[in-house]
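Each reported figure results from applying straightforward, stated rules to the coordinates on display, with no laboratory input. What you see is a predicted model; the values in this text were computed from it and never measured. Positions of Cβ are generated from backbone atoms using ideal geometry, with glycine treated the same way; all protein chains shown enter the neighbour counts.
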Amino acid sequence: MSRADPSRKRCAIYTRKSSEEGLEQEFNSLQAQSEACEAYIRSQRHEGWVLARTRYDDGGFSGGNMERPALQQLLADIQGGRIDIIVVYKVDRLTRSLADFARLVEIFDAQGVSFVSVTQQFNTTSSMGRLTLNVLLSFAQFEREVTGERIRDKIAASKKKGMWMGGNVPLGYDASERTLIINPAEAETVRCIFALYRELGCVRRVKEEADRLGLRTKHSMTPSGTERGGRSFSRGHIYHLLSNPIYIGEIAHKGQLYPGQHPALIDAET
């Protein structure tokens, strides 16, 4: 089957599901997307549409990321002249970014490839279809930006209330819900370093003494089982520790300090 045969249109189905959307949800699964696209292709048999054998499924990938294995394979097959029409369940399965979609359309146009969304009833073979696509993607990007703003606003509001909003848990504490609780053994290390600095007044000398005492940075395990930390202190570690407002019971956000809901390890005067 060649591109020179105008009666045959090779159709590639592309499906995508991000991990946060829940890969197991039947109504929105990769399989459900694929079945809807296959049914649409069958309905266009009279136009010469035929389903390509290769499956292009990206499970667990965000629409804001173009580095998806199946998408990259699809683009390679388009460049190789093996695809005539791309069929998706919804436009945002291909990408949620208007800028990325514009780049994809350039690739499609260069190879004479059409783009069809089965639930939104349009394709890029018409000017109206192109306009509709751009409008939909603009709204998709707008919604994503609004969601991002809401998340940032929620984080800011929570930090102003003194809540711990995640990240690397500082030495001397363990995370519990949205606050920090004291880790007694690590807290002694933190207090020791502050005491050494009060006594010696020089980070270089503090490091030397910390090495002599065998003091270590926070030890933790990643979800994959990789060990982190548990090393001797660098001067950078010590500078960061001494300047971290967490230890006087405060939370920093955008250059401002707010009273934290966690207990302090040292007095502010220290």
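Segment 142-192 and segment 57-101 have their alpha-carbon centroids 36 Å apart.
Nearest 5 percent is fine: what portion of the DSSP beta bridges confined to the chain is antiparallel? Show your work: numbers first, answer last.
Values: 14 of 28 bridges.
If I count the DSSP bridges inside the chain, around 50 percent turn out antiparallel.
The MET165 and LEU213 beta-carbon pair, evaluated with R₀ = 30 Å, returns a calculated FRET efficiency of approximately 0.35. Going by amide H atoms built from the backbone, whose H comes under 5 Å of the H on ARG16, apart from near neighbours? Correct list: ASP58.
Note down the relative contact order for segment 123-194 as a percent, whole number, built from C-alpha pairs under 8 angstrom at least six residues apart.
Working: 40 pairs, mean separation 11.3, N = 72.
Averaging sequence separation for qualifying contacts and normalising by length gives 16 percent for segment 123-194.
Take the Cβ-Cβ distance between THR119 and SER176 as r, set R0 to 45 Å, and report the resulting FRET efficiency rounded to the nearest 0.05. Efficiency, from the Cβ-Cβ distance: 0.55. Near ILE107: Cβ cut-off under 13 Å, other residues only, Lys/Arg at +1 and Asp/Glu at -1. The net charge is -3.
Which order do peptides 43-56, 89-102, 180-193 fall in by mean Cβ count within 10 Å, highest first?
Numbers: 43-56: 13.9, 89-102: 19.6, 180-193: 16.8.
Sorting 43-56, 89-102, 180-193 by mean packing, highest first, produces 89-102, 180-193, 43-56.
The chymotrypsin sites (Phe, Trp or Tyr not before Pro) of segment 202-270 include none that meets both conditions, a loop assignment by DSSP and at most 13 other Cβ atoms within 10 Å of the site Cβ.
Counting Lys +1, Arg +1, Asp -1, Glu -1, what net charge surrounds TYR173 among other residues with beta carbon under 12 Å of its beta carbon? Result for the local shell: -1.
The slack between ARG8 and GLU106, meaning 0.36 nm per residue of separation minus the straight C-alpha distance, is 33.0 nm. With contacts taken as Cα pairs under 8 Å and at least 6 residues apart, the chain reaches a relative contact order of 13 percent. Rounded to whole numbers, the Karplus 3J(HN,Hα) couplings from phi for segment 165-174 are 10, x, x, 5, 5, x, 3, x, 9, 10 Hz, using 6.51 cos²θ - 1.76 cosθ + 1.60 with θ = phi - 60°, and x at Gly and Pro. Here is the list for segment 104-178: GluC sites (Glu not before Pro) lying in DSSP coil, each with at most 10 other C-beta atoms within 10 angstrom of its C-beta, are GLU177.
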